[in-house]
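Below: the structure, in structure tokens.
The values are calculated or read from the model by the stated rules, or taken from the named source; none is laboratory data. Remember, predicted model here, so these are calculated numbers, not experimental data. For neighbour counting, all protein chains shown are included, and Cβ atoms are generated from backbone atoms with ideal geometry for every residue, glycine included. All accessible areas refer to the heavy atoms of the entire protein, side chains included, with ligands and DNA or RNA removed. Shrake-Rupley method; radii C 1.70, N 1.55, O 1.52, S 1.80 Å.
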Amino acid sequence: MSDRLPLLPRHGDDPGEAWAEALLEPLRLEEIACDIAPSVMARVAAERVAVRPLPAILARPRLLWAACVPAGIASLAFLTIICLGLGRAAAGGAAPGGALAALLPRLIRLVGERLAAAAGFVVTIAAPLLRAAWALVDTLAPLLRGAGLVAAATGLLSIVISLYVFGHYRGTAPQAGAASGILPHGGTPR
Amino acid sequence: MASEPTDVELIREVLAGGVERFELLIRRYERLVAAAAIRMGVPRQEVEDVANEVFYKVYRSLKRYEPTHAFSTWLYRITVNAALDRRRSRRHDTRMDEIPAALADSGPSPHEDAERRGRVRLLQEALARIPDHYRAPLVLMHVEGLAIEEVSRVLDLPEGTVKSRLFRARAMLKQIIQRHYPALAPSLPGGEAS
């Protein structure tokens, strides 16, 4: 006799629901003892201990990213203020400031030329390399994001340290000008 | 006297942070899950492991439960999937010589009880010969007592497919009983064909 099962049974092969119910009745009546509640609850409790919610600040990366922008602006503003402060504090302030102003157009032109040359280079030669580099950057994006955060944090730290140094040593810094006895070119008044 | 909380009430309490209330849900359904797993072909010594996995999965996906359907239906679905996964991963051979060891019970039993257990064992053997996708609707409907629409929901199949699989599963079971376990055939009008 063949042991193959009738995957496509003929009409009339189905013995009917009542037949199946009667045949399988002992399985329905079978009592199964099972006590798994303690082990499941222990597992659930262990998971609750292991997976505590992250601190709110770590759970909100968008907030952190948003905070990076004002931090960057603050850093830039601080840098500008320091430059202006240094310019004013420097002997007389006018001479270095004027020299810097005269230098600025040349500097801008030079940077522009270099940028244009670099753009030409990128378009003609380095585009494939840049595409590959972009793919690499894309892959390393999480790492770069982390580095960005570290950079922002370092910037903030530098602001704090600079403020401290600036405030703490301002009183003891040598005074420029005739009243202080030090002239801009380093000599002393007669 | 306070009435027993419903499944949905318990689930809401668990989701609101009362995790300890999940134990009541487990107590309420652990036998059902264990029985369904055994009937789906999971060896008895692995049943607690499978049931544990089922309830842990239920706990972790409790937010996704839709109260429009009975909790037991959802539970059956997870149990059937877990049982089938277990069978696939372990590649359990459904040959009849392996089944008795898997279903061996401990402790002595009276004569009638032993006879009943023997019948249960043979029925499990017969069911184990049917392919999983035919056995699942057969067990859910004729052993677990689910209606066609519930079986359809548990297995995520159209009712028509469930009906045709049931038809084939019963035909296969009839043939298996005729060939290998003629003593099990029930004396019913349907059994006359056997």
*Using θ = phi - 60° and the Karplus curve 6.51 cos²θ - 1.76 cosθ + 1.60, what whole-Hz ³J(HN,Hα) does each residue of region B:75-86 get, with Gly and Pro shown as x?*
5, 4, 4, 5, 5, 4, 5, 5, 5, 5, 4, 4
*Where labels lie 7 Å past Cα in the beta-carbon direction, separation of B:Leu15 and A:Glu113 in nm*: 6.9 nm
*Any idea how far apart A:Leu103 and A:Glu25 come out in nm if each label point goes 7 Å out from Cα toward Cβ?*
10.4 nm
*asked:* Please compute the length gained on full extension between B:Thr68 and B:Glu4, using 0.36 nm multiplied by the number of residues separating them and subtracting their Cα-Cα distance.
replied: 21.0 nm
*B:Trp74, A:Trp19, A:Trp65, A:Trp134, reordered so the largest accessible area comes first (probe 1.4 Å)*: A:Trp134, A:Trp65, B:Trp74, A:Trp19
*asked:* Testing the spin-label approximation: label points 7 Å from Cα along Cα→Cβ at A:Ala132 and A:Phe166. State their distance in nm.
replied: 4.5 nm
